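Encoded as structure tokens, the structure appears first; notes follow it.
Any read-out appearing in this document is the output of simple, stated calculations on the displayed coordinates, not a laboratory observation. None of the values given here were measured: they were computed from a predicted structure. Heads up, the Cβs are rebuilt from the backbone with ideal geometry, glycines too, and the neighbour counts pull from every protein chain shown.
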Amino acid sequence: MKAPALATFLILIALLAGCGGGEPEQSQSSPAVGADAGVAPDAKLAPAPAEGLAERQEVTTGTVSLTAADPVDAGHAVARIVEDAGGRVDDRTERPRTDDTEPSSSLTVRIPADRLTATLDEISGLGEVTGVSISKSDVTMQSQDLDARIGALQASVARLQGLIASAANTADLIEAENALAERQGELDSLVAQRRTLADQVELATISIDISTDGPDGTDPDSFWDGVVAGWNALLSALHGLVVFLGRAVPWVGFVALVVLVGYAVVRLIRRR
């Protein structure tokens with residue numbers, strides 16, 4: 001009876017050992033299963049979505065060329081259109097018609113970037129557009145860099161102001177004030193640069209040149225128009241000749257005076 005009991009006891013021990021040996025493998029694999037639980041296989045390879053991206057900032061510049069019957073009046077209309085759109089005119093040059101030159105007008109305007117297209121379309125209605133060039137420059141990184149440097153300098157200025165308030169001796173106070181003056185100067189410069197950049201982003205800079213094709217603005221396309229154009233050309237040539245003669249009169253008088261003086265001197269010499 002002792003032998004069967006001993007055999008039964010040994011069998012129970014073996015069964016318990018087998019169950020205990022299988023648990024470690026399951027426990028080793030369980031962390032990996034838990035880490036991937038509820039996650040798709042492809043999801044681990046997908047990049048995380050970008051968060052906190054700054055809005056793109058652009059500086060817009062360009063030129064517009066157009067012809068109009070009266071460039072000066074067209075320039076005044078351009079100024080009104082730009083101001084109604086919330087912009088401004090930074091520079092304006094007007095050249096009225098003269099005997100030698102045709103009228104023209106040049107403007108440098110600042111137009112809100114979000115209203116640029118509509119404003120240029122309205123300006124194009126003032127005449128015939130002969131050329132348009134618009135370019136945009138991305139300044140997002142430059143803006144972010146200025147903002148970061150301004151923030152760092154503001155924090156530095158605040159710390160230095162705290163040091164000045166708690167300075168224990170004159171030497172520490174002077175050193176802190178010198179450092180504060182240097183930091184404040186750098187901060188003011190960066191703030192001015194940031195303000196200028198913001199203005200350039202907010203308002204596009206456009207140069208507008210307005211000219212005219214000529215006195216009549218069109219080429220003759222009929223016999224009578226040709227006669228009129230020829231008559232006008234003849235009058236213009238005669239006018240130019242008259243102007244030339246008027247300019248030559250003083251020179252002719254001067255040359256005649258020199259000849260008379262020379263002739264008088266020669267006769268005086270011969271008499272002697």
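The T108 and V259 beta-carbon pair, evaluated with R₀ = 41 Å, returns a calculated FRET efficiency of approximately 0.15.
How big is the gap, in Å, between the Cα center of the range 95-149 and the Cα center of the range 67-92? Spelled out, the Cα-based centre of one part sits 11 Å from the other. Counting beta carbons within 10 Å around each of L234, L203 and listing the fewest first gives the order L234, L203. Taken along the Cα-to-beta-carbon direction at a fixed 7 Å, the label points for D100 and R115 span 4.2 nm.
In this calculation the C-beta distance from R88 to A158 is compared with R0 = 35 Å, giving a FRET efficiency of 0.45. Compared with the alpha-carbon gap, the fully stretched path from R149 to E202 is longer by 16.9 nm at 0.36 nm per residue.
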